[in-house]
1. Pulled fully out, how much extra length does the chain show between THR13 and ALA383, if you take 0.36 nm times their separation in residues and subtract their Cα-Cα distance?
2. Name all residues of segment 460-475 having a backbone nitrogen under 17 Å from the label point set 7 Å from the Cα of ARG400 along its Cα→Cβ direction, giving them as ranges.
3. When the Cα centres of segment 421-460 and segment 285-363 are compared, how far apart do they sit, in Å?
4. As a test question: what accessible area, to the nearest 10 Å², does GLU401 have when a 1.4 Å probe is rolled over all protein chains in place?
5. Given points 7 Å out from each Cα along the Cα-Cβ axis, report the PHE116 to ALA6 separation in nanometres with one decimal.
6. Roll a 1.4 Å probe over the protein heavy atoms and report the accessible area of TYR149 in Å², nearest 10.
7. Which one of ALA263, THR186, GLY155 has its Cα pushed farthest toward the positive end of the charge dipole of the chain, where Lys and Arg give +1 and Asp and Glu give -1 at the Cβ?
8. Of all beta bridges DSSP finds with both residues in the chain, what is the antiparallel percent, to the nearest 5?
Amino acid sequence: MSFASAIKRDWLTNPGREALSGLVVALALIPEAIGFSIIAGVDPAVGLYASFSIACIIAITGGRPGMISAATAAVAVLVGPLVRAHGVEYLFAATILMGIFQAIAGFVRLDLLMRFVSRSVITGFVNALAILIFMAQLPQLTGVGWETYALVLAGLAIIYLFPRLTTALPAPLVSIVILSAFTMLTGTHVNTVGDMGQLPSALPTFHIPHVPLTFQTLTIIAPYSAAMAAVGLLESMMTASIVDDMTETRSDKQRECVGQGIANFCTGFIGAMGGCAMIGQSVINIKSGGRRRLSTMVAGVMLLVLMVVLGPLVSRVPMPALVAVMVFVSISTFRWRSFMELRHHPLPSTVVMLVTVVIVVWTHDLSKGVIAGVLLSGIFFAAKVRNLVTIEMSLSDDGRERRYTIAGQIFFGSTDRIMESAIFREDVDRVTIDVSHAHFWDISATGVLDKIVLRLRAEGKDVEVIGLNEASATLVEKYGEHDKPFASLGVVGH
């Protein structure tokens, strides 16, 4: 695709709809960014400026058009100890280093690790996020008057019913405008955006972190930067996959890794915290009709306009209006079909999905849940492949030759079965190991072959291995020892 075509596609396609979607996202970002700032132990301006900067930069550098990136809870929870121990300036420095780490990860293609994330893990990730999004609204629904519940229900009714009248305007935006006008005109007393924290009234400025440029500073911030980079990329890659499914399009995950790095690197120089992709706001954008880079850019720009220019008005926006939007996002994000899939999908897939959900919801840590799901998927896969290995044994008519016929995938997870099947101290003269239908994958596979062959030879038997395919023969030749001259000495290095 030519540069001009790409510009037209990403920035000039349906600009009205894209702009309105970005405005909805900007309104939803304000209380979220303030809340994440509180989690990190910093001024609300730090989170708000971060959301503005990251959204605007990732709109240009990112690899997933329509996805929203900003300050997030996943990153905020990691930096609290750093801020408390060393101050906010070290947070800014850590954010810059975080961006460098993420850009390096993109250049070395760590995005390819997403290939090892199973569909069950992604489903668990989505369902857990939907639950966390809903749980995040509970503080706004406890200890409040009936007016709050009425407004939330009214907001949900507008969001679900308005599209039946017209889809020209995003229903979440219509809901926010109507409820805001109602509370301002009637004087209904409910929590507002202003109650969450004070909005900044000045533009962000270039800021070099006031930290000593020493190796000690690097040792302080590097662990936090690495953790932020890893969690940020993990959540961004997962969110990109979800948006891919929602839009039935593909994303450039390597570009997204590098783009996240550039966004966070630059954000650190305006006195703001790091961030990553946000599944909730991305769903809002997609559901409101945003598909291109323009919607993400508008979200960032309008966030700054709402803070600096329209701060007094935005402060009066009722929180129930935003809660209704986020409840809608929670309902839309949850994969309700997964309940039906529990009865039809294989048990290991169901277990992986449920474990991912439980760990994410229990710990409120997306990375722990995803890592647990990936590890569990790997264990189940290894166990499944292991059980596909077959070992047949036969004895010649004269009883002097034992033959082993091995078929399947030979790797670290199946070597124990092969070892357990071998018969030692048997009164035979010759042993043939036929691996014509087997494939050797790693040094554990060559190691078990060495152990069996050398041990049988030590018992005085004539052992022959036949049927190695080309790839397995290359592996055995490179790492195996039973066919080497020194094998007769009984030295086995595996």
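1. Numbers: separation 370, 0.36 × 370 = 133.20 nm, distance 4.89 nm.
Once the chain is fully extended between THR13 and ALA383, it gains 128.3 nm.
2. 460-464
3. 56 Å
4. The accessible area comes out at roughly 60 Å².
5. So the label points at PHE116 and ALA6 sit 3.0 nm apart.
6. 100 Å²
7. About the Cα centre, the residue reaching furthest to the positive side is THR186.
8. Antiparallel bridges make up about 40 percent of those DSSP assigns within the chain.
The values are calculated or read from the model by the stated rules, or taken from the named source; none is laboratory data. In this text the structure is predicted, and so the values were computed from the model without any measurement. Cβ sites come from the backbone with ideal geometry, for glycine too, and all protein chains shown count toward neighbours. The protein model used for the area step is the full one, side chains on, heavy atoms only, and it has no ligands, DNA or RNA in it. Shrake-Rupley method; radii C 1.70, N 1.55, O 1.52, S 1.80 Å.
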